[in-house]
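Presented below is the structure to which this report refers.
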Amino acid sequence: MTMETTLLIIGGGPGGYVAAIRAGQLGIKTVLVEGAQLGGTCLNVGCIPSKAMIHAAEEFHKACHYAGDSPLGIRTATPSIDVGRTVAWKEGIVKRLTGGVGALLKKNGVQVVRGWARILDGKTVEVRGVEGGGSTGAGAANDAGGQTTRIRCEHLLLATGSEAVELPFMPFGGNVVSATEALSPETLPGHLVVVGAGYIGLELGTAYRKLGARVTVVEAAGRVLPAYDDELVRPVAARLKSLGVELHLESSVLGMSEDGKSVRMKNAGGEEVAIEADRVLVAVGRRPRTAGFGLESLMLDMNGRAVRIDNQCRTSMRNVWAIGDLTGEPMLAHRAMAQGEMVAEIIAGKRRHFMPAAIPAVCFTDPEVVVVGLTPQEAAKQGLDCIVANFPYAANGRAMTIEGTEGFVRVVARKDNHLIVGWQAVGSAISELSTAFVQSIEMGAQLEDVGGTIHAHPTLGEAVQEAALRALGHALHI
Ligand code: FAD
């Protein structure tokens, strides 16, 4: 069977499906090929399920806290958790969202072909249908289920995402799992060892600890969340300690013991030790998914393991585009979506470039961490003379009322014209402030704009205004 289309998208993650929806809205004939589930890593085994599990773990942890001696005066009997039910609840959210994506694609006239795409050349792709697959969409005549379909296109958009990095001496399988398996546990391990203290390892490690497992984290760098600065990470490290998470920093794993019951590692002192573990989560990073679908046949320029793109997401081959995790860091769903939307608009004839002033990054740890724009160190490296000011959550009334006084909001602004170039923050529910941070930078706000805006009281957002006022030398509540 052969199909013809204007735009062919490989991959139905946040990059691919958003590109397809926008292309559909703009009247571009679009086919989207997805081998697994619509929604990609983000909706199925990434952002959404991890945040659902983090929420469930937090609620359970709170209930346990109330069963003890809560200063709020709340008393409960000793709670228990049915992890099967928790996972089923999470799956329900995933199903609702992925079903919603399918409905949006259909509404916008996108033809979805279920199957694994293989690139033949820059304009031709072969799709091996998955059993029970089939297509949905306007016209929905094509069914790739169990057969091979050849699709010819004018524009090919690559959005195949990324995959978890496997340690060659500790491959996935059995008790050694990636985040995907860790998000759907059938049982809770007695002792979970997490390899890697980046955001995925810490988000899931903290959740497992709050669900009642013993958790040990092994990290090669000298601190957790090594991509972030020390001051920002300190409240997270302190919380891990108070939760009883064991940390082994400057330590590297060597593999599993022969009986598969322990993780062998070299600790900071250079000694080889074994930590018994009944499950091991390897979270040492993700890499662009470039193998197994004929990408190499296009001989595109690469940027390390990622596909090289320009600021319109064009690859080195005409009318072949690439977006999302396939194009490297930052591997974030909102970047993939923004790129996808832009590519659809360029193909429709609009003038667009991918030049965001900032892309927010959030760690849903306890407490949460947000980084937007330049840190003081990055600003200095760029030769910018900046004012840096912090406002602590401990001086924010709302933070006290939600028992979350750990953390702060930090602003970085140019000294000469007070233009805000960066925000960093750590604290309870701080992820929701990322919107205010990124809007101020994208809109070119100066300290006076944020300091002079009336922020609702009592809210955590007042810490944003106070940080700006403090940078101007006249904070009110400190
Ligand atoms: P993906 O979402 O990976 O989608 C690619 C799709 O392409 C997949 O569905 C795949 O099946 C399909 N595909 C690949 N090859 C083929 C082929 N040959 N034929 C057909 N289909 C193919 N990001 C955030 O912004 N915030 C978070 O809080 C966050 N949390 C995360 C938590 C975890 C545990 C993980 C693992 C990731 C998290 N991420 C988060 C990262 C986020 O999931 C990714 O950045 C995002 O999904 C990338 O989108 P994408 O469209 O580039 O690729």
May I ask you to give the percent of accessible area on segment 176-284 that is carbon plus sulfur, with a probe radius of 1.4 Å? 48
Alpha-carbon centroids, segment 1-72 and segment 272-347: separation in whole Å: 16
The size of the Cβ-based charge dipole (Lys, Arg +1; Asp, Glu -1) of the chain about the Cα centre, to the nearest 20 debye, is 1200
For an R0 of 56 angstrom, estimate the FRET efficiency from the Cβ-Cβ distance between Arg152 and Asp69 and round to the nearest 0.05. 0.25
Taking R0 as 51 Å and r as the Cβ-Cβ distance between Asp301 and Lys107, the FRET efficiency 1/(1 + (r/R0)^6), rounded to the nearest 0.05, comes to 0.90
FRET efficiency, Ile359 to Asn417 (Cβ-Cβ, R0 25 Å, nearest 0.05): 0.60
Residue-span extension gain [Asp310 to Thr180] - 0.36 nm each, minus C-alpha spacing: 43.7 nm
In terms of the charge dipole of the chain, which places +1 on Lys and Arg and -1 on Asp and Glu at the beta carbon, the residue among Phe60, Val245, Leu72 farthest towards the positive end is Phe60
List the residues whose amide H sits under 5 Å from the amide H of Ile9, counting only those 5 or more places along or on another chain, with H placed 1.01 Å from N in the peptide plane. Val31, Leu32, Val33, Leu157
Might you tell me the accessible area per residue for segment 310-457, computed with a 1.4 Å probe and given in Å²? 44
Of all DSSP beta bridges located in the chain, what percent are antiparallel, nearest 5? 60
In order through segment 286-303: 3J(HN,Hα) via Karplus (6.51 cos²θ - 1.76 cosθ + 1.60), integer Hz, x for Gly, Pro: 10, 10, x, 8, 10, 9, x, 9, x, 4, 4, 5, 7, 6, 6, 5, 10, 10
Give me the accessible area per residue for segment 176-284, probe 1.4 Å, as a whole number in Å². 41
If you roll a 1.4 Å probe over the heavy atoms of the protein chains, what accessible area per residue do you get for segment 1-134, in Å²? 46
Packing-based ranking, highest mean first, of 185-194, 347-356 given that Cβ atoms within 10 Å are counted: 185-194, 347-356
Per residue convex hull volume, Cα only, the chain, in Å³ is 172
For segment 214-258 versus segment 151-171, the gap between their alpha-carbon centres in whole angstrom: 29
How large is the translational diffusion coefficient of segment 176-284 in µm² per second when you combine the Kirkwood radius over alpha carbon pairs with Stokes-Einstein at 10 °C and 1.306 mPa s? 115
Relative contact order of the chain, defined on C-alpha pairs under 8 angstrom at six or more residues apart (%): 14
Give me the percent of the accessible area of segment 361-472 that comes from carbon and sulfur atoms, probe 1.4 Å, all protein chains in place. 53
Could you tell me which of Ala380, Val370, Gly404 has its Cα farthest along the dipole of segment 361-472 towards the positive end, charges placed at Cβ (Lys, Arg +1; Asp, Glu -1), taken about the Cα centre? Ala380
Percent relative contact order of segment 176-284, based on C-alpha pairs within less than 8 angstrom and at least six residues apart? 35
Can you grab the distance from the C-alpha centre of segment 175-192 to the C-alpha centre of segment 435-478, Å, no decimals? 41
Please give me the summed charge of the neighbours of Ile387: other residues whose Cβ is under 14 Å from its Cβ, Lys and Arg +1, Asp and Glu -1. +1
Assign unit charges at the C-beta atoms only (+1 for Lys and Arg, -1 for Asp and Glu), then state the dipole size of segment 361-472 relative to its Cα centre in Debye, rounded to the nearest 20. 240
Could you tell me what % of all Cα pairs in segment 361-472 have separations over 21 Å? 28
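The values are calculated or read from the model by the stated rules, or taken from the named source; none is laboratory data. All of these numbers come straight from a predicted model, not from anything done at the bench. Reconstructed Cβ throughout: ideal geometry from the backbone, glycine too, with neighbour counts over all protein chains shown. SASA here: full protein model, heavy atoms, side chains in, ligands and nucleic acids out. Shrake-Rupley method; radii C 1.70, N 1.55, O 1.52, S 1.80 Å.
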